[in-house]
1. Please compute, for peptide A:82-90, the average count of beta-carbon atoms on other protein chains lying within 10 Å of each residue's beta-carbon.
2. If R₀ is 56 angstrom, what is the calculated FRET efficiency for the pair residue B:130 and residue A:61, using the beta carbon separation as r and rounding to 0.05?
3. Using the Cα centre as the reference, give the magnitude of the dipole from point charges on the C-beta atoms of the protein assembly as shown (Lys, Arg: +1; Asp, Glu: -1; all else neutral), rounded to the nearest 20 debye.
4. Would you mind working out the magnitude of the charge dipole of segment A:123-244 relative to its Cα centre, with +1 at each Lys and Arg C-beta and -1 at each Asp and Glu C-beta, to the nearest 20 Debye?
5. Which FRET efficiency value, to the nearest 0.05, do you get for residue B:2 and residue A:87 by plugging their Cβ-Cβ distance into 1/(1 + (r/R0)^6) with R0 = 25 Å?
6. Would you be so kind as to identify which of A:242, A:228, A:195 lies farthest towards the positive end of the dipole of segment A:185-257, taking Lys and Arg as +1 and Asp and Glu as -1 on Cβ and the Cα centre as origin?
7. Once each part is reduced to its C-alpha centroid, what is the distance from segment A:243-265 to segment B:231-271 in angstrom?
8. Mind checking how much accessible area B and A bury in total, 1.4 Å probe, in Å² rounded to 100?
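The values are calculated or read from the model by the stated rules, or taken from the named source; none is laboratory data. If you're wondering where the values come from, they're calculated on a predicted model, not measured in any experiment. Heads up, the Cβs are rebuilt from the backbone with ideal geometry, glycines too, and the neighbour counts pull from every protein chain shown. These area figures cover heavy atoms from the full protein model, side chains too; ligands, DNA and RNA do not enter into them. Shrake-Rupley method; radii C 1.70, N 1.55, O 1.52, S 1.80 Å.
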2 protein chains.
Amino acid sequence: MARILLTGGSGFVGRQVAAALQAQGHDLVLVLRPGSRLRIAEIAAKARVVETADLFAESPTWWQQACQDVEVVVHAAWHVVPGQFYSSPINFDCVSGSLALARGAVAAGVRHFVGIGTCMEYRLPSEHLDVTAPLEPSTVYSAAKLGLFHMLQQYFAATGTAFSWCRLFHLYGEHEHPGRLVPYLRAQLKAGETARLSAGTQVRDFLDVAEAGRMIAEVVDSRQQGAINICSGQPVTIRQMAERIADEYGRRDLLEFGTAPPHPADPQAIVGVPNLQI
Amino acid sequence: MARILLTGGSGFVGRQVAAALQAQGHDLVLVLRPGSRLRIAEIAAKARVVETADLFAESPTWWQQACQDVEVVVHAAWHVVPGQFYSSPINFDCVSGSLALARGAVAAGVRHFVGIGTCMEYRLPSEHLDVTAPLEPSTVYSAAKLGLFHMLQQYFAATGTAFSWCRLFHLYGEHEHPGRLVPYLRAQLKAGETARLSAGTQVRDFLDVAEAGRMIAEVVDSRQQGAINICSGQPVTIRQMAERIADEYGRRDLLEFGTAPPHPADPQAIVGVPNLQI
């Protein structure tokens with residue numbers, strides 16, 4: 001069992017990673033904003049908590065201190081403001097802060113660093129994104145993630161640190177932001193109100209965030225290196241996904257396809273090829 | 001004629017860019033370390049100089065101020081310590097500082113940003129590197145440059161700022177570091193001493209740094225956007241290059257090929273396809 005420092009442990013993905021790591025018996029150091037521990041009280045009660053108002057503003061020296069006696073870092077934190085983060089320069093703060101974390105981790109002797117990337121690093125659209133597919137970001141967010149990937153990969157290679165980069169596909173599930181597709185549908189269906197949707201022909205790779213958390217925890221244990229797609233590998237249209245959920249309520253009649261405009265930067269297909277070795 | 005802010009204007013490449021821009025009648029704002037103006041006294045005498053001990057440590061607000069009334073930024077500065085910079089995390093400081101410059105430039109209303117990249121961003125080796133060739137850095141330095149390219153490209157697209165990225169190939173010439181190939185050869189040949197070289201079979205794309213400076217200044221005037229190879233397009237082996245120089249001294253006999261080990265990270269071929277529109 002390892003001592004693992006986790007950032008973003010109170011977030012949508014990070015809390016699932018934290019739960020999965022604790023279930024495997026690992027000892028966690030959570031880096032959290034003051035107050036965030038209340039959102040994950042059960043997890044935090046079994047962990048050491050280091051507080052900071054903005055982890056992306058901390059120095060390599062601060063991180064070196066936080067990483068004392070830590071064997072593995074899982075860096076799940078990122079500034080994500082739904083609807084705005086795709087083009088915001090706040091992504092640059094995340095890159096600079098993540099580089100400071102990497103330097104501190106190396107200085108403290110961390111042996112394995114697990115970062116979190118995105119399917120949006122790939123050239124899209126594609127229904128067959130294996131980890132050797134061409135990389136071509138089309139937003140500030142995905143350029144920041146890809147840029148960080150390139151830098152960390154070379155830096156950790158030069159310092160002899162194991163490095164894994166988990167590219168997340170379309171996650172849904174517990175604690176999801178209410179503005180996103182699945183929570184929106186459930187809220188409308190539950191209330192018996194119509195749900196306005198685009199045509200729904202876009203093909204996606206949906207994965208339950210709890211399963212994603214278990215897969216990332218698996219990477220910690222297996223120490224599989226390089227880019228890893230955290231995906232289902234199953235192509236599903238947004239229409240199919242919506243209909244599955246509507247069927248739980250017996251209310252397909254509430255789905256109004258084609259009444260909402262598609263997002264302008266919404267690729268037709270994003271489907272991964274799983275490469276996690278189990 | 002435009003007002004142009006130039007970083008790195010006292011460096012190997014930057015001073016050539018400065019001279020070429022002034023020759024075209026542009027009005028320069030040079031961001032320099034205290035003392036550096038002495039190295040380019042003639043250029044600095046005709047420019048406005050803003051001093052800072054470390055431009056990569058300045059904030060977006062500082063840059064916004066420096067960019068007042070500036071139309072174009074040419075960002076030629078980078079921390080380059082010969083022999084060390086390929087794997088140093090100092091490259092990360094350069095990335096963070098360059099992102100702060102970009103944000104300040106956008107806030108000040110700069111309309112065109114010219115950044116400096118490297119042929120090492122491409123997957124190597126290759127004798128046919130056009131700007132659509134696969135990108136695959138293999139050092140911390142080239143990963144930092146490529147990461148910055150991706151981020152700036154998306155950020156400037158989102159903010160409506162013209163963006164050019166000049167990828168430098170193998171530059172030689174005036175004010176080159178004495179440890180590099182051409183100055184080393186000239187020093188040995190001049191002194192009548194043998195020059196120890198690798199087998200010299202590696203194929204390179206050599207370009208005089210003064211010509212590179214003129215090409216970058218051309219990008220300012222034409223406002224050609226995207227990635228631009230600053231290269232000759234001519235494949236030349238290191239042996240051919242060495243022999244050309246030795247011939248100037250009539251001393252090919254002083255060249256000892258195969259007596260120095262090749263650099264372990266030295267690709268067999270790096271040759272660009274020029275795409276500068278003139």
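1. Mean partner-chain Cβ count within 10 Å for A:82-90: 2.
2. 0.80
3. Result for the protein assembly as shown is approximately 520 debye, rounded to the nearest 20.
4. Here the size comes out at about 260 debye.
5. My answer for the efficiency is 0.40.
6. Farthest towards the positive pole: A:195.
7. Segment A:243-265 and segment B:231-271 have Cα centres separated by 65 Å.
8. About 1900 Å² of accessible surface is lost on pairing.
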